[in-house]
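Down below is the structure, laid out as structure tokens.
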Number of protein chains: 4
Amino acid sequence: MIPDEEFIQSDSVPGPSKEEIRCLVMCKAMITSDDIVVDVGCGSGGFTVESAQIAKKVISLDKNHEAIEITSKNIQKHNIQDKVQLIEGDALKVIEQLEPFDVLLVGGSSGDLPQIIDIGIWKLKKKGRILITSILLETRVEAVQTLKNLGLYPEVVEVTIAKGKLMERGTMMMGRNPITIISAVKK
Amino acid sequence: MIPDEEFIQSDSVPGPSKEEIRCLVMCKAMITSDDIVVDVGCGSGGFTVESAQIAKKVISLDKNHEAIEITSKNIQKHNIQDKVQLIEGDALKVIEQLEPFDVLLVGGSSGDLPQIIDIGIWKLKKKGRILITSILLETRVEAVQTLKNLGLYPEVVEVTIAKGKLMERGTMMMGRNPITIISAVKK
Amino acid sequence: MIPDEEFIQSDSVPGPSKEEIRCLVMCKAMITSDDIVVDVGCGSGGFTVESAQIAKKVISLDKNHEAIEITSKNIQKHNIQDKVQLIEGDALKVIEQLEPFDVLLVGGSSGDLPQIIDIGIWKLKKKGRILITSILLETRVEAVQTLKNLGLYPEVVEVTIAKGKLMERGTMMMGRNPITIISAVKK
Amino acid sequence: MIPDEEFIQSDSVPGPSKEEIRCLVMCKAMITSDDIVVDVGCGSGGFTVESAQIAKKVISLDKNHEAIEITSKNIQKHNIQDKVQLIEGDALKVIEQLEPFDVLLVGGSSGDLPQIIDIGIWKLKKKGRILITSILLETRVEAVQTLKNLGLYPEVVEVTIAKGKLMERGTMMMGRNPITIISAVKK
């Protein structure tokens with residue numbers, strides 16, 4: 001994984017997800033070099049940059065202009081311009097126009113999570129994977145229920161990370177916000 | 001428990017421990033109205049104030065002058081001056097002079113944890129309780145090993161708390177640093 | 001707190017909640033000796049027994065006959081028969097008939113959580129407290145949303161506990177299921 | 001990552017580490033197709049099988065005969081015989097004889113962790129990585145201190161995972177034992 005400090009960040013845009021969360025999402029996404037990945041609510045571009053290390057193509061969406069700007073900077077910093085298409089706009093409308101894809105990553109959903117999952121699963125190729133990362137109690141349940149309603153079997157993993165800070169008097173464990181990763185495979 | 005915001009705090013003094021940690025330490029300390037409690041490394045006075053709600057007497061120590069000042073303010077704010085004796089000084093020397101006590105709380109130990117446990121267990125009355133709260137990897141192991149060497153059977157509880165922040169778009173879970181509570185009962 | 005092993009348990013009835021969870025719920029419930037406590041979905045009687053150590057009266061409900069039997073055994077074992085009224089039946093119907101009370105503990109809700117909260121808040125005295133313990137993603141959100149709809153400000157605390165198992169080669173940390181405690185105070 | 005259920009397991013041999021832990025260890029190990037990986041205390045072969053998906057060669061050690069047998073079965077099941085050398089014996093003696101390698105994974109250490117780290121770092125190539133997974137309070141501290149004594153800067157990550165169990169009444173969060181991953185890069 002790319003170290004956290006290798007990403008350009010902005011105070012007004014969330015992310016990127018920490019290294020350990022990016023790592024787990026990438027493991028579960030099982031991206032291959034033939035895959036097209038869609039990154040919804042790309043934020044600072046953490047998943048975009050990681051996906052582009054492996055995928056054939058990454059399409060990254062955000063409706064927040066500042067997020068598009070930061071993601072653009074990280075795309076350039078990590079030299080993946082050739083692989084990434086960056087689109088500012090509403091996820092629901094954009095996804096509707098896309099060709100079928102292999103992996104859908106949903107980091108941010110601006111309150112439209114059920115609809116994004118619905119349209120995303122429809123556009124996902126057979127055996128395609130969807131991964132939702134959630135920091136809100138409510139989106140976890142929305143994700144699980146929407147996926148179940150679509151006849152899929154979601155995997156739910158809550159990840160709590162603490163990192164050691166090396167100090168003279170010892171190793172202080174610093175907690176992070178717990179993140180829940182909900183994922184499913186299209187049948 | 002006393003809400004976190006009811007404690008006077010200082011940037012230069014650690015603590016007080018969060019409400020949930022104070023609650024668990026108080027449960028495990030099983031303080032009664034006959035008990036004398038010693039609070040070593042009292043910091044901002046969180047355990048001192050909680051203990052004084054129940055105990056007959058609390059003796060609170062810190063070698064840091066600022067900690068003594070903040071604890072003093074919290075003692076006054078919570079109106080427990082009658083019950084608390086506040087001593088600025090080195091824990092090892094002070095404990096040696098004390099009468100036997102019922103409960104020993106160790107929040108801060110400035111690198112002397114094994115010796116504080118040794119002398120503390122010696123001064124603890126039969127069936128007295130010792131509780132060590134630890135944020136460092138190293139002090140957890142020191143506490144467990146010192147208690148085992150003294151023939152005691154330590155209980156080790158790691159507590160990870162996340163609290164919900166109510167926002168318009170949902171309930172964001174905010175992580176805290178994990179705390180380990182090591183405790184034992186003198187035979 | 002009462003040690004876990006001091007409760008009679010049954011394979012077919014959930015609970016009692018572990019010592020640390022009982023401790024946190026009791027701290028947040030702030031029960032006094034004047035209080036009437038209602039324990040909904042009392043399961044094995046963990047919260048019933050703890051509450052009865054302090055409260056004036058505890059009314060414990062479960063619609064599962066086996067739960068009533070185990071709770072009854074734990075009431076006798078802990079010698080709190082005088083304080084506890086045990087009722088087998090549907091929580092919604094029973095609560096409707098009760099006099100106003102000070103604390104409502106909801107451990108089990110059999111799918112009726114929003115309605116139990118609604119009727120419970122209605123019957124709760126002013127400054128009364130409600131506490132819901134949840135092991136399901138869905139009930140956490142139901143609890144938060146129902147309390148918010150009632151104009152209350154829920155506190156959400158997720159608790160993850162690991163306990164050390166002392167072995168010859170060291171202290172193995174054994175994880176527990178995370179529990180979420182949602183609570184609110186009636187205005 | 002390979003799903004947990006794709007590993008042959010034995011009641012008498014620990015492991016394999018769960019999917020999420022294997023994923024994080026693999027991310028941090030940054031194995032390339034040129035790398036030689038040494039897996040000390042290979043247990044059921046979880047890290048061996050994952051490493052062999054990418055590395056040039058994996059050398060797996062365990063002093064427990066049953067562990068060697070289970071790992072051997074998993075090597076065959078995952079068809080990586082060509083890449084893996086499996087050695088039953090004492091890690092310290094075996095590592096001493098090995099050519100320099102790129103990655104050292106330490107899952108089990110039978111009480112010799114400081115010595116394994118010492119000899120492992122000596123044999124590790126420049127920019128090589130060492131990763132220790134620990135379930136014991138004590139080995140975490142041993143790993144950190146040994147690495148610091150060697151002038152390295154250990155990263156310490158404690159990982160607590162809960163997985164959702166889909167049930168009719170909702171998604172129950174099931175806790176796992178927390179695992180600590182300590183890692184360092186040889187200068």
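Observations
- For segment A:23-36, filtered to residues that are touching a strand residue (DSSP E or B) at 6+ places or on another chain (Cβ under 9 Å) and not in a helix (DSSP H, G or I), the residue that is farthest from A:LEU86 (Cα to Cα) is A:MET30.
- Residue selected from segment D:1-24 under the condition out of contact with any Asp or Glu (no Cβ under 8 Å at 6 or more places or on another chain) and under 18 Å from D:SER134 (Cβ atoms), by the criterion nearest to the other protein chains (Cβ to nearest Cβ): D:CYS23
- Residue match in segment C:3-22 (condition: part of a helix (DSSP H, G or I) and within 27 Å of C:LYS126 (Cα to Cα)): yes
- Segment B:4-54, residues that are of a type in the set (A, V, I, L, M), touching a residue at least 40 places away in the same chain (Cβ under 8 Å) and closer than 26 Å to B:LYS186 by Cα: B:ILE21, B:LEU24, B:VAL25, B:ALA29, B:MET30, B:ILE31, B:ILE36, B:VAL37, B:VAL38, B:VAL40, B:VAL49
- Flag for A:ASP62 being more than 16 Å from A:GLN9 (Cβ to Cβ), surrounded by 24 or more Cβ atoms within 10 Å (Cβ to Cβ) and touching a residue at least 24 places away in the same chain (Cβ under 8 Å): no
- When restricted to residues that are aliphatic (A, V, I, L, M), within 14 Å of chain D (Cβ to nearest Cβ) and either surrounded by fewer than 24 Cβ atoms within 10 Å (Cβ to Cβ) or closer than 19 Å to D:MET174 by Cβ (or both), segment A:132-149 contains 5.
- Any hit, segment A:129-137, residues being basic (Lys, Arg), assigned to a strand (DSSP E or B) and in contact with a helix residue (DSSP H, G or I) (Cβ under 9 Å, 6 or more places away or on another chain): yes
- Among the candidates D:ARG169, D:ARG176, residue that is within 28 Å of A:VAL144 (Cβ to Cβ) and under 19 Å from the mean Cα position of the chain (by Cα): D:ARG176
- Only residues that are in contact with a Ser or Thr (Cβ under 9 Å, 6 or more places away or on another chain) and either outside any strand (DSSP E or B) or facing chain D (nearest Cβ under 7 Å) (or both) were counted in segment A:153-174, giving 11.
Values quoted throughout were computed directly from the atomic coordinates according to the rules given, and no laboratory measurement underlies them. What you see is a predicted model, and the numbers here were worked out from it, not measured in a lab. Positions of Cβ are backbone-derived with ideal geometry, glycine not excepted, and every protein chain shown enters the neighbour counts.
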